[in-house]
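Down below is the structure, laid out as structure tokens.
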Amino acid sequence: MKRRTLIKGGLAAASSLWLSKSSANNLFLSGEGVKAAGPFQPTWESLAKYQVPDWFRDAKFGMWAHWGPQCQPERGDWYARGMYQEGSDQYKYHCKKYGHPSKFGFKDVINEWKAERWDPEELVSLYKKTGARYFMALANHHDNLDLYNSKYQSWNSTKVGPKKDLIGGWAKAAKNAGLPFGVSVHAAHAWSWYETAQRADKNGPLAGVPYDGKLTASDGAGKWWNKFDPQELYAQNHALSEKSDIDGTIHRQWNWGNGVCPPSKEYCEKFYKRTIELIDNYEPEFIYFDDTALPLWPASDAGLRIAAHLYNTNLKRHGKLNAGIFGKILDEQQRKCMIWDIERGQSNKIEPEPWQTDTCIGQWHYDRRVYEENGYKTAKTVIHTLADVVSKNGNLMLNVPLRGDGSMDEKERAVVDNIGQWMQVNSEAIYGTRPWTVFGEGPAIESAAPLSAQGFNEGKGKPFTADDMRFTSKGKTLYAILLGWPADHAVTIKSLGEGVRQPGRVSLLGHGGNLVYSQSAQGLKVTMPEQAPCKDAFVLKIEGLIG
């Protein structure tokens with residue numbers, strides 16, 4: 001997605017840039033301070049005092065339950081938008097499964113969602129066994145349903161759908177497992193994302209009949225949703241954005257520019273209150289925002305106030321700052337204020353500050369077709385991604401999509417189990433490590449694909465082979481993660497050539513005893529054992545490096 005480059009100097013300077021490109025009426029600044037007192041104020045300049053906590057730097061691997069009502073149809077990502085796009089796959093599927101969106105809208109899909117097999121304790125225990133050192137749960141998506149008990153949003157999972165406090169359940173399970181707990185918040189974009197619900201068919205017997213996106217509470221008499229206002233969910237009591245009829249336009253408008261209908265003050269403040277309530281009642285250590293920089297920025301300062309509140313309340317609770325905020329498409333100033341997140345992609349260099357990639361073994365929301373077509377990422381792909389990301393000062397957060405009922409299918413469990421088995425042997429090369437002087441060697445480096453918008457360079461480069469390796473380090477110990485087993489049972493590390501660095505001991509994780517090695521101008525040549533100790537990737541532990 002395109003973005004506006006924000007200039008340094010805090011909120012006032014960035015606001016000036018926005019105002020110079022748009023009408024003053026398009027920008028809502030509250031003028032308020034932050035709710036919780038503390039050293040952080042709602043400006044980019046103040047938030048730049050942020051320091052990434054050590055627990056995050058050491059954790060390296062987290063897991064995410066990106067699970068909500070859009071998993072119920074089992075038809076993939078952005079279902080609550082796609083079902084209103086006439087002729088699309090999700091529209092056709094919806095009409096066949098549920099009925100026409102003028103009669104059965106996404107509000108009605110929510111009513112179908114019961115989460116009857118959801119067991120947060122079992123799932124979080126599984127994530128921990130897999131090797132995750134932190135856990136994140138979806139608190140709301142662009143569909144605008146809060147998955148927690150909210151006094152500001154009647155459309156929440158305690159009152160409709162499952163009628164359960166899902167975030168409460170996840171938070172308790174994470175605490176019992178001893179994992180830092182976080183939430184992902186996506187609902188800032190419901191305003192424009194749901195605009196497809198204002199449409200009507202252009203063709204067929206129901207041409208011109210509006211979908212349910214403009215319904216109000218007065219339309220609910222005799223319906224299951226009586227006394228619930230659909231506008232509180234859909235937020236469509238506003239004019240359409242420019243070129244809203246073109247489905248892809250929203251990607252250009254993700255930064256609240258390029259002709260998007262400006263969000264109202266009431267909408268921004270409600271989002272602010274919902275998110276502050278989430279922070280205060282469930283005490284997440286970190287929040288992931290699916291936004292350019294912070295939610296609603298630069299149309300509103302709500303995101304800045306939320307960030308300052310999280311940092312101040314977390315600092316007060318712990319006596320030190322343990323919090324993190326993940327944001328996308330960050331400029332140089334913003335990367336000082338929060339943790340840069342890359343969606344479905346990796347940086348191509350060692351980054352000076354810790355960062356994170358988030359990815360999924362399938363679709364973000366459960367898609368039955370991925371299961372049926374054996375389309376999940378393999379454990380090998382995930383492990384190689386983890387090694388690559390960690391070698392560049394990053395963390396990997398992995399989503400394993402759950403069915404609408406809250407269960408994980410057996411093919412996903414097989415992937416998760418295999419990741420866990422690899423971590424049991426090799427995790428010391430992951431946890432608590434730091435980048436080495438170079439991140440790796442091998443032919444895949446030269447073909448690495450550049451980042452695109454939020455990331456999205458995953459799988460676009462040359463596949464890793466036995467000639468590729470990634471490095472991590474702890475003190476004078478170097479870990480060389482081989483991304484394949486060498487055919488001739490020997491590997492040469494070019495970065496450890498004679499006269500550069502001299503090792504004291506070389507071993508293979510999961511294999512007892514030292515390995516034979518020799519150094520030359522071409523590098524450090526290590527003779528591998530006949531039998532590999534694990535699958536997918538193999539770790540040489542090189543201790544006592546001198547030089």
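The values are calculated or read from the model by the stated rules, or taken from the named source; none is laboratory data. For clarity, every value in this text was computed on a predicted model and none was experimentally measured. A quick note on method: Cβ atoms are made from the backbone with ideal geometry, for glycine too, and the neighbour counts reach across all protein chains shown.
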Give the residue, chosen from 382, 389, that is under 29 Å from residue 79 (Cα atoms), β-branched (Val, Ile, Thr) and either in the same structural domain as residue 118 (by TED's automatic domain parsing) or touching a Ser or Thr at 6+ places or on another chain (Cβ under 9 Å) (or both).
382
Tally up the residues in region 152-187 that are surrounded by 22 or more Cβ atoms within 10 Å (Cβ to Cβ) and either of a type in the set (A, V, I, L, M, F, W, C) or not assigned by TED's automatic domain parsing to the domain that holds residue 314 (or both), please.
12
Any chance residue 403 is surrounded by fewer than 17 Cβ atoms within 10 Å (Cβ to Cβ) and in contact (Cβ under 8 Å) with a residue 24 or more places away in the chain
no
What number goes with the only condition from (1) under 24 Å from residue 68 (Cα atoms); (2) touching a Ser or Thr at 6+ places or on another chain (Cβ under 6 Å) that residue 325 does not pass?
(2)
Scan 190, 200 and give me the residue that is closer than 24 Å to residue 92 by Cα, assigned by TED's automatic domain parsing to the domain that holds residue 110 and touching a Gly at 6+ places or on another chain (Cβ under 6 Å).
200
Condition set aromatic (Phe, Trp, Tyr) and not in a strand (DSSP E or B), scope region 92-147, selection nearest to residue 176 (Cα to Cα): answer is 127
May I ask you to list pairs of residues, at least six apart or on different chains, whose Cβ atoms are under 9 Å apart, with the first in region 106-128 being more than 17 Å from residue 398 (Cβ to Cβ) and the second being modelled with pLDDT of 95 or more and β-branched (Val, Ile, Thr)?
107/160; 110/160; 111/160; 113/160
So is residue 223 out of contact with any Phe, Trp or Tyr (no Cβ under 7 Å at 6 or more places or on another chain), modelled with pLDDT under 95 and assigned to a loop (DSSP other than H, G, I, E, B) or not?
no
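Considering only region 310-332, state which residues are of a type in the set (S, T, N, Q) and without any contact (Cβ under 8 Å) to a residue 60 or more places away in the chain. I'd like the intermediate steps shown before the answer.
In the first step, residues of region 310-332 are kept if they are of a type in the set (S, T, N, Q); the result is 312-314, 322.
Hit for region 310-332 is 314, nothing else.
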When region 220-236 is examined, which residues are found to be over 16 Å from residue 110 (Cα atoms) and exposed (fewer than 15 other Cβ atoms within 10 Å of the Cβ)?
221, 222
Please enumerate the residues belonging to region 241-271 that are of a type outside the set (A, V, I, L, M, F, W, C), in contact (Cβ under 8 Å) with a residue 40 or more places away in the chain and not in a loop (DSSP other than H, G, I, E, B).
251, 252, 265, 267, 269, 270
Quick count over region 62-73, residues being out of contact with any helix residue (DSSP H, G or I) (no Cβ under 6 Å at 6 or more places or on another chain) and part of a strand (DSSP E or B), is 3
If I filter region 167-186 down to residues being assigned to a helix (DSSP H, G or I) and touching a residue at least 60 places away in the same chain (Cβ under 8 Å), which single residue comes out as farthest from the chain's Cα centre (by Cα)?
168
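Each row is one residue, and each column tells you yes or no for (1) under 22 Å from residue 419 (Cβ atoms); (2) modelled with pLDDT of 90 or more; (3) surrounded by 16 or more Cβ atoms within 10 Å (Cβ to Cβ).
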site	(1), (2), (3)
454	no, no, yes
471	yes, yes, yes
480	yes, yes, yes
493	no, yes, yes
509	yes, yes, yes
519	no, yes, yes
541	yes, yes, yes
545	no, no, yes
Inspect region 332-354 for any residue being of a type in the set (Asp, Glu), surrounded by fewer than 19 Cβ atoms within 10 Å (Cβ to Cβ) and within 15 Å of residue 44 (Cα to Cα) and give the result as yes or no.
yes
Selection within region 91-102 - closer than 17 Å to residue 198 by Cβ and touching a residue at least 12 places away in the same chain (Cβ under 8 Å)
94, 100, 101, 102
How many residues, within region 279-304, are assigned to a helix (DSSP H, G or I) and either crowded, with 24+ Cβ neighbours inside 10 Å or free of Cβ contacts under 8 Å to residues at least 60 places away in the same chain (or both)?
5
